[in-house]
1. What distance in nm lies between label points placed 7 Å from Cα along the C-beta direction at residue 234 and residue 317?
2. Once a ≥ b ≥ c are taken as the square roots of the eigenvalues of the Cα gyration tensor of region 1-116, is the result rounded (a/c under 1.5), prolate (a/b larger than b/c) or oblate (a/b not larger than b/c)?
3. Suppose R0 equals 60 Å; then what is the FRET efficiency for residue 210 and residue 266 from their Cβ-Cβ distance, rounded to the nearest 0.05?
4. Would you please calculate the Kirkwood hydrodynamic radius of region 78-211 over all C-alpha pairs and express it in Å, rounded to one decimal?
5. Sort 85-93, 149-157 by the packing proxy (mean of other Cβ within 10 Å over each peptide's residues), most packed first.
6. In which sequence would 119, 63, 53 go, from the one with the fewest C-beta neighbours within 10 Å to the one with the most?
7. Compute the Rg/Rh shape ratio of region 283-345: radius of gyration over Kirkwood radius, all on alpha-carbon atoms.
8. If I take all pairs of Cα atoms in the chain, what percentage of them are more than 26 Å from each other?
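Read the figures in this text as sums done on the coordinates, not as results from a lab. Everything numeric in this text was worked out from a predicted model, so none of it was measured. Note: ideal-geometry Cβ built from the backbone for every residue, glycine included; neighbour counts use all protein chains shown.
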Ligand SMILES: Cc1cc2nc3c(=O)[nH]c(=O)nc-3n(C[C@H](O)[C@H](O)[C@H](O)COP(=O)(O)OP(=O)(O)OC[C@H]3O[C@@H](n4cnc5c(N)ncnc54)[C@H](O)[C@@H]3O)c2cc1C
């Protein structure tokens with residue numbers, strides 16, 4: 001679409017939140033446009049199809065599926081959903097059952113202590129480890145790395161307890177990122193259009209972008225907290241409360257690598273493998289996700305940060321080495337790295353998903369508060385109970401769009417609709 005001179009509502013970022021906002025605005029009389037920095041929509045939802053297999057480098061799971069807006073979108077688009085249980089709900093292949101039971105018990109008791117502690121003063125989640133957890137500390141922090149993007153000592157107890165998932169976890173067969181792309185097909189998105197400055201000095205907002213200057217009556221900011229905190233998008237005059245809140249809600253490190261597995265049929269679909277339980281320097285592995293002949297390797301926290309630093313190819317090499325230690329050297333010859341993510345190195349995400357630092361769980365509310373009834377904020381980090389997820393992001397986008405529509409009232413159209 002062509003770049004408009006002015007709109008009622010400008011949406012910045014075409015990730016889950018920006019698309020949620022755009023989907024809601026589409027049904028209104030307001031003129032609007034979505035400005036997206038990358039050459040694709042979806043943000044941290046990104047499906048790459050290799051050999052006909054859709055591989056999600058970012059979000060893959062429709063968490064809390066029965067209340068997940070994206071699951072509703074998939075169903076309305078007639079897309080097939082796989083509701084078979086996730087690998088993490090199945091026993092791991094190489095982890096003795098009695099040890100798994102002991103780990104689950106320790107984990108359950110730890111989470112109970114976290115929930116109880118959330119009613120008191122905020123503190124790092126690691127304060128709630130008990131001496132008898134020593135055996136499971138590495139595995140608990142591997143879990144935290146994948147779940148939170150950081151270890152439990154970096155996580156606020158109150159924030160951890162505020163996240164409220166259900167047990168339903170589904171997948172959309174074409175991939176989560178592909179679902180977002182399908183949803184965006186008839187939305188007015190301008191790609192390759194980073195916004196560098198949001199100028200709020202005058203009655204109309206002015207957005208400086210790579211494709212020109214856009215005037216808007218209101219804007220919905222849907223960029224990740226890391227971009228806001230580091231002023232990858234500058235707001236003038238600055239909003240110190242927003243920069244502070246975004247900095248207190250950093251994105252952690254989580255990455256994936258997919259490897260083709262020759263002779264994958266020897267394993268059941270969604271077979272879970274834990275390479276090690278005695279260190280945090282390890283990944284989580286799913287063999288044959290959704291029956292595809294691949295291994296999906298998942299890395300969170302420090303190991304993800306370290307392997308990103310090592311440069312392209314490091315995730316694949318590390319995954320192969322760990323799997324060889326589990327299955328033997330012949331297995332290594334059956335693996336071929338296909339694609340990996342490097343979310344922290346990506347200038348438009350600068351990390352995976354948000355957590356609140358200890359003492360800062362209230363910053364999600366600060367971040368999502370509107371400014372002057374014309375600047376609205378959305379994105380996973382703004383969600384009170386579904387932060388770090390794509391459906392949480394979508395719902396904040398819808399809510400921000402409704403607030404923006406109310407703010408512009410019966411829109412006085414400033415220019416032709418995009
Ligand atoms: C490895 C990984 C696995 C995950 N797994 C799951 C999962 O299974 N289930 C789940 O629900 N969630 C998962 N998530 C989290 C989920 O992907 C995110 O929470 C969600 O996609 C975030 O959406 P968002 O709209 O808030 O942000 P984003 O998706 O980051 O969207 C922000 C958009 O803003 C754009 N942008 C940035 N700067 C600018 C600028 N200056 N101007 C214009 N545009 C800009 C970006 O390019 C991007 O498109 C995962 C994430 C990762 C990284």
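1. 3.9
2. Since a/c reaches 1.5 and a/b is larger than b/c, the shape of region 1-116 is classed as prolate.
3. Working: r = 49 Å, r/R0 = 0.82.
Once rounded, the FRET efficiency stands at 0.75.
4. Details: mean 1/r = 0.0521 Å⁻¹.
When all Cα pairs of region 78-211 are included, the Kirkwood radius is 19.2 Å.
5. On the way: 85-93: 15.7, 149-157: 23.4.
The densest-packed peptide leads the list: 149-157, 85-93.
6. Values: 119 9, 63 24, 53 18.
Starting with the residue having the fewest Cβ neighbours, the order is 119, 53, 63.
7. Values: Rg = 11.7 Å, Rh = 12.2 Å.
Reported Rg/Rh, Kirkwood definition of Rh: 0.96.
8. On the way: 47299 of 87153 pairs.
Here the tail beyond 26 Å accounts for 54 percent of pairs.
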